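Working notes for the structure below.
The values are calculated or read from the model by the stated rules, or taken from the named source; none is laboratory data. Bear in mind the structure is a predicted one, so any value in this text is a computation, not a measurement. Counting neighbours? That spans all protein chains shown, and the Cβs are built from the backbone with ideal geometry, glycine included. To get the accessible areas, we keep the full protein, side chains included, count just its heavy atoms, and leave off ligands, DNA and RNA. Shrake-Rupley method; radii C 1.70, N 1.55, O 1.52, S 1.80 Å.
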Amino acid sequence: MKTWKKVALALCVLLVVACHRDDNNDQPDLSNQPILPKKELRGVWMATVWGLDWPQGEYDGEAQKASYIAYMDLFKQNNINAVFVQVRGMADAFYKSAYEPWCQYLTGQADKDPGYDVLRFMIDEAHKRGIAFHAWLNPYRVATKKADAAAFPALDSRIPQAMTVDYKTIRMYNPALPEVRQRIFDIVKELITKYDVDGVHIDDYFYPSLASGETIKDEKEYEQYVAKDKDGKPTITVEDFRRNNVDLTVKGIHDVIQATRPEVAFTISPAGNPDYNYNTMYADVLKWSREGWSEAIIPQLYFPMGSAESGFNHRLHWWSQFTYNNALFVGYGTYRFGSDKAAAYQSSAELANQFAFAQKFHKVKGSVLYSAKDLLNNP
């Protein structure tokens, strides 16, 4: 099923399961049940890198569970039906992986077993409440640091150093290497084989947005992997080489999902600015959508309403035209409440106006809020 309907179907199935989970009698015959209506996706992103939304520096397993359950209860109360949980933010994992260490934000120490199956617990608590669980991955990021002079943390022994490339403040898997792409595909396959996630989700970090004076380190790979014409000149530009590398990653994730568990939805959340995606991240989102390599696109439209080209209205018009056969869900930056004039929202009415505006677009099938802790804090 190659459209947004796969996402809707997953939500409908979860609703049925949630309604009957506590029924100890024989399972009902659903063959004659009416077809459930298509559901609007109402999602929340839960960032775990640096412990942002969860577990927020809490290293006790029972306290972590209580905090997560509080989130799920809050989501249920507010009619949230999908959660996008970051389970691999920096070449680490919220589950025992053959490829990367346990995430340090669970215990305060990299590769320390937290003493419980974190991802199984998270999925189960979401499903108990009829909430779909989308496993959010960052494909390339390995580590970050705040200052140029600081050292990156030691690389886990399972991660070949030859697959990584260092910049001033970020260490990445090298997007230009075929073996890196295969590693990402293997990680996705391991995840969806071991756990009954409803979706796999990637966000807007592809090639890095570098500091002034830095350039992408891919001269050797460009020379090695790009064919030459009869005069010995590269047949494509280095920019197209980079975009093709990301294309191959996105298509490969799609293909491994289809070959392993085709019912799993693959969703992508690019930045709201299409030029930034294409020319800085080297993310050709329109191509991915045209090719059907994902089920849904969730642009991060973290802008105030208005007539400016950078405004919410203009961006939503653009994305509604160029997501082709994908579903379009709107990403709202609910963290951007504040008195600053640059804030997207200075009142709840402004957010309500954006919801109302989005509902005018037949293409829009739902929304995702960033991020979870803002629902708790309720600014």
Considering the chain as a Gaussian network with a 10 Å cut-off on Cα pairs, which listed residue, 222, 105, 335, attains the greatest mean-square fluctuation? 222
5 Å-binned pair-distance histogram of the range 36-85 (Cα, whole percent): 5, 19, 24, 23, 15, 7, 4, 3, 0
Accessible area of residue 220 in the full protein assembly, 1.4 Å probe (Å², nearest 10): 140 Å²
What number does the chain give for Rg over Rh if you use C-alpha atoms and the Kirkwood radius? 0.96
Could you please state how large a percent of the accessible area of the chain is carbon and sulfur, counting protein chains only and using a 1.4 Å probe? 50 percent
Rg [Å, one decimal], Dmax [Å, integer] - the range 121-271, C-alpha atoms: 17.7, 63
If the cut-off is a Cα-Cα distance under 23 Å, which lysines reach residue 65, setting aside same-chain residues fewer than 8 apart in sequence? 76, 96, 112, 128, 194, 373
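Within 10 Å, Cβ to Cβ, of residue 81, how many net charges do the neighbouring residues add up to if Lys/Arg are +1 and Asp/Glu are -1?
Charge balance near residue 81 sits at +3.
With the cut-off at 1.5 for a/c, could you classify the range 239-305 from its C-alpha gyration tensor as rounded, prolate or oblate? Please report the intermediate quantities before stating the final value.
Numbers: a/c = 2.97, a/b = 1.35, b/c = 2.20.
Oblate shape, in that a/c is at least 1.5 and b/c is the bigger or equal ratio.
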Dipole of the chain [Lys/Arg +1, Asp/Glu -1 at C-beta], most positive-end residue of 153, 121, 177: 177
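Determine the gain in length on full extension of the stretch residue 349-residue 78; use 0.36 nm per residue of separation and subtract their C-alpha separation, reporting nm with one decimal.
On the way: separation 271, 0.36 × 271 = 97.56 nm, distance 1.73 nm.
Length difference between fully extended and current span is 95.8 nm.
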Rank 96, 145, 230 by mean-square fluctuation in a GNM of the chain with C-alpha springs under 10 angstrom and give only the top-ranked residue. 230
Under the √(5λ) rule applied to the eigenvalues of the Cα gyration tensor, what semi-axes describe the equivalent ellipsoid of the range 316-379? Give them in Å, descending. 24, 13, 10
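Using +1 on the beta carbon of Lys and Arg, -1 on that of Asp and Glu, and nothing else charged, what's the dipole of the chain about the Cα centre, debye to 20? Don't skip to the answer; put the middle values down first.
Numbers: 43 positive and 47 negative charges, 142 e Å.
The calculated dipole for the chain is roughly 680 debye.
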Stretchable slack from residue 158 to residue 230, in nm (0.36 nm times residue separation minus alpha-carbon distance): 21.8 nm
Ranking by accessible area, most exposed first, for 243, 290 with a 1.4 Å probe: 290, 243
Report the accessible area of residue 170, computed with a 1.4 Å probe over the heavy atoms of all protein chains in place, in Å² rounded to the nearest 10. 30 Å²
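If we count every other residue with Cβ under 11 angstrom of residue 185's Cβ, Lys/Arg +1 and Asp/Glu -1, where does the sum land? Mind showing how you got there, number by number?
Details: positive: 181, 183, 189, 251; negative: 179, 186, 190, 255.
Net local charge, residue 185 excluded: 0.
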19 Å Cα-Cα reach of residue 228 towards lysines, excluding residues that sit fewer than 8 places from it in its own chain: 220
Compute the helix-to-body angle for 312-321: its Cα long axis versus the longest principal axis of the chain, expressed 0 to 90° and rounded to tens. 80 degrees
With the 8 Å Cα cutoff and a minimum separation of six or more residues, the range 124-217 has a relative contact order in percent of 39 percent
So, in Å, what gap is there between the alpha-carbon centers of the range 46-112 and the range 169-197? 19 Å
Which angle between 0 and 90 degrees, to the nearest 10, do you get for helix 178-194 versus the longest principal axis of the chain when only C-alpha atoms count? 10 degrees
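Figure the gain on full extension for residue 189 and residue 362 (residue separation times 0.36 nm, minus the Cα-Cα span) and round it to one decimal in nm. Present the calculation step by step, with values, prior to reporting the outcome.
Details: separation 173, 0.36 × 173 = 62.28 nm, distance 3.38 nm.
Separation in residues times 0.36 nm, less the Cα-Cα distance, equals 58.9 nm.
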Per residue, how much accessible area does the chain show when a 1.4 Å probe rolls over the protein heavy atoms, in square angstrom? 46 Å²
Report residue 291's accessible area, 1.4 Å probe, all protein chains in place, as a number in Å² to the nearest 10. 100 Å²
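Evaluate Rg over Rh across the range 275-360, taking Cα atoms for both radii and Kirkwood's formula for Rh. Walk me through the numbers on the way to the answer.
Numbers: Rg = 13.7 Å, Rh = 13.8 Å.
That ratio equals 1.00.
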Would you mind checking the tilt of helix 238-260 against the longest principal axis of the Cα atoms of the chain, expressed as 0 to 90 degrees and rounded to 10? 40 degrees
Specify the residue with the greatest mean-square fluctuation among 296, 358, 349, computed from a Gaussian network of the chain linking alpha-carbon atoms under 10 Å apart. 349
Give the Rg/Rh ratio for the range 88-176, taking Rg as the radius of gyration of the Cα atoms and Rh as the Kirkwood radius, to two decimals. 1.03
Under 5 Å between amide hydrogens, which residues at least 5 positions from residue 265 or on another chain qualify, with H placed 1.01 Å from N in the peptide plane? 199, 200
